[in-house]
Each structure stands twice: as structure tokens, then as C-alpha cells.
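Working notes for the structure below.
The values are calculated or read from the model by the stated rules, or taken from the named source; none is laboratory data. Owing to the predicted nature of the structure, the values given are computational and were not obtained by experimental measurement. A quick note on method: Cβ atoms are made from the backbone with ideal geometry, for glycine too, and the neighbour counts reach across all protein chains shown. Calculation scope for accessible area: heavy atoms of the full protein, side chains included, ligands and nucleic acids excluded. Shrake-Rupley method; radii C 1.70, N 1.55, O 1.52, S 1.80 Å.
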Amino acid sequence: FRSSRVVAAGLIAAVAPLGLLIANSDWFFTREGYLDPWNYVGLFREYLDPDYLPEDYKLARLPWILSGYVMNSLLAPVTAAYVLHAVFLCATTLALFVGVHALFRKPALAAVLALCLGFYTPVHGSGGWDYHNTGAGAFYLVTFAMLAFPPALAGNRLLLMAAGVLGALAVHTNITMVNLLPALVFVHVSAVRIYRPEHAAGRTLAARIGWGVVGAVLATV
């Protein structure tokens, strides 16, 4: 990751999908009449109003709702929509690049896979750009990237806890992501056995999971 070529490949893969805005500036917006994601737009703008949708996910999916709230607090509504959706799309593709490169040490492979994801249209605003799925995928793949990163494979506790935090944010954004958490554990354990076999003892691996759980619990609290 110290190579300028690798950094450039990752940045290009992350921002390249934004080129679609040249042909369609409305691409980043949820279509009219799509009720569920527009409810989140309302929460982004009126979250501090206790009378606004008090029983409609007001205390759930907070990683996504609060991200939107912060953007709308700092920026005008249209600008906030562009920035919010761009940040999560670019984070998703960049996280995939980082994770794949960390595992296979092949920046070209990582860039191609990240670009394929970035230009795969069913991923774009799945359920509507303002729907919580937009945030869940990003949180999940950032967790994947953290667990694949060399310091995490070496047992860095802070990084493992941070991965637990991001994994919890993915689940709290979309509860169905809990079904994909075992895949992250499998990838991390497999990578440890390949790159850090001296840390592959069962007790050591259990301790790694424990640090991730600590981070998840802290994020939940």
C-alpha cells in the first residue's frame, strides 16, 4: 500500500463510477413515488423533531440515518444527497479494492473487481439511493477490508475491535447482514493461516473473534 501505483489504482477504482453522473445528473437521486427511501430523507432532515415518525425506525438503522442527518445538517439538501451517496458508493468500491489487494497482493485484480462492483447497476441505490441498503454494503465491505489488512492478520487488537465496530454498524444498518458475518470470519481465519501461520492456533483465533465482539458490543451500546 506504500506504492503510488497501488494508491492511484485504488483511487481510480473508487471514483470511476462517479463518471456516470456526466451522462445522467439525476442518477444519484431516488425516483419520485418510491416511499420507503423518501422516509429516510425525512429522517435525515427532521431527526431531532420528536414528533416526526416516532415509530418508523427512529431508533433503528441509526448508522445510515445519522450519516444522512449529519450531511443534511452541514449542506443544502441537493448537495447533501450528492455527497452522501457519493461517499458511500466510493467507500464501497475502495473497501473492496483494499481488501482484495491485501489478500492477494495483486492491484490489477483488485482494481478490476472494484470497478466491476462500482459499475454493477443493481448495487446502485439498492432499494433507492436513500434506502438503508446503500449504507449497509459499505459498512460490510469496510469491515472486510479491515480484517484483510496485514496489521489485523498480525493480531492488532485495535484494528480487530474497529472491524467489530464496523461489522456492528453493518448489522444495525440492515439486520440481514448478520447472515454474512460468518463469511468475514472465514476469510480472516483463512488469511491468518496463509500469511501468519504462527498465529493460527485455535486459542489465538478465538481471542481475535473476542476482540471483534468487544468492538461490536461497544458500538451497539
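Could you work out how much longer the chain between THR121 and LEU158 gets when fully extended? Use 0.36 nm per residue separation minus the Cα distance between them, nm to one decimal.
Contour length minus Cα-Cα distance gives 9.8 nm.
Computing the accessible area with a 1.4 Å probe over protein heavy atoms, can you report the carbon and sulfur percentage for the chain?
68
Quick one: P(r) of the range 129-207 from all Cα-Cα pairs, 5 Å bins, percents rounded to integers, in order of increasing distance.
It works out to 3, 17, 27, 22, 14, 9, 5, 2, 1, in whole percents.
Suppose a student asked you for the relative contact order of the chain, using Cα pairs under 8 Å spaced at least 6 residues apart; what percent would you report? Before the final figure, lay out each step's value.
Numbers: 294 pairs, mean separation 47.4, N = 221.
Computed over the chain, the figure is 21 percent.
Using only Cα atoms, figure out Rg for the range 104-158 and give it as a multiple of 2.2 N^0.38 Å.
1.38
If one computes P(r) from the Cα atoms of the range 1-50, what percent of pairs lie at distances over 19 Å? List each step's numbers first, then the result.
Values: 696 of 1225 pairs.
Percent of Cα pairs beyond 19 Å in the range 1-50: 57.
Run the dipole for the chain about the Cα centre, Lys and Arg Cβ at +1, Asp and Glu Cβ at -1, nothing else charged, and hand back the magnitude in debye, nearest 20. Intermediate results must be reported in sequence, preceding the final value.
Working: 13 positive and 10 negative charges, 273 e Å.
In debye, rounded to 20, the chain gives about 1320.
Quick one: Kirkwood hydrodynamic radius for the range 1-84, alpha-carbon pairs, angstrom, one decimal? Spell out each step's value before the answer.
Numbers: mean 1/r = 0.0666 Å⁻¹.
Radius from the Kirkwood sum: 15.0 Å.
Just to confirm the number: angle between the C-alpha axis of helix 133-148 and the first principal axis of the chain, 0 to 90 degrees, nearest 10?
Compared with the principal axis, the helix lies near 20 degrees.
How big is the gap, in Å, between the Cα center of the range 25-83 and the Cα center of the range 148-221?
Centre-to-centre (Cα) distance: 30 Å.
Looking at the P(r) of the chain, how many percent of alpha-carbon pairs lie beyond 30 Å?
Numbers: 6731 of 24310 pairs.
Of all Cα-Cα pairs in the chain, 28 percent lie more than 30 Å apart.
Per DSSP H run of at least 4 residues, take -39500 (n - 2.57); add these up for the chain, divide by its residues and hand me the 222 nm value, nearest 500 deg cm²/dmol.
Values: 10 runs with 148 residues, N = 221.
That comes out to -22000 deg cm²/dmol.
If you wrap a convex hull around the Cα atoms of the range 89-185, how much volume per residue is inside, in Å³?
For the range 89-185, the hull spanned by Cα atoms encloses 87 Å³ per residue.
Please report, in cubic angstrom per residue, the volume enclosed by the convex hull of the alpha-carbon atoms of the range 27-125.
Working: hull volume 11.6 nm³, N = 99.
Residue-normalised Cα hull volume stands at 117 Å³.
Report the local net charge at LEU153: Lys and Arg +1, Asp and Glu -1, summed over other residues whose C-beta lies under 15 Å from its C-beta.
Every neighbour counted, the sum reads +4.
Tally Lys and Arg at +1 and Asp and Glu at -1 over the other residues with C-beta under 14 Å from the C-beta of TRP38: what net charge comes out?
-3
Give me the compactness ratio for the range 48-91, meaning the Cα radius of gyration over 2.2 N^0.38 Å.
1.25
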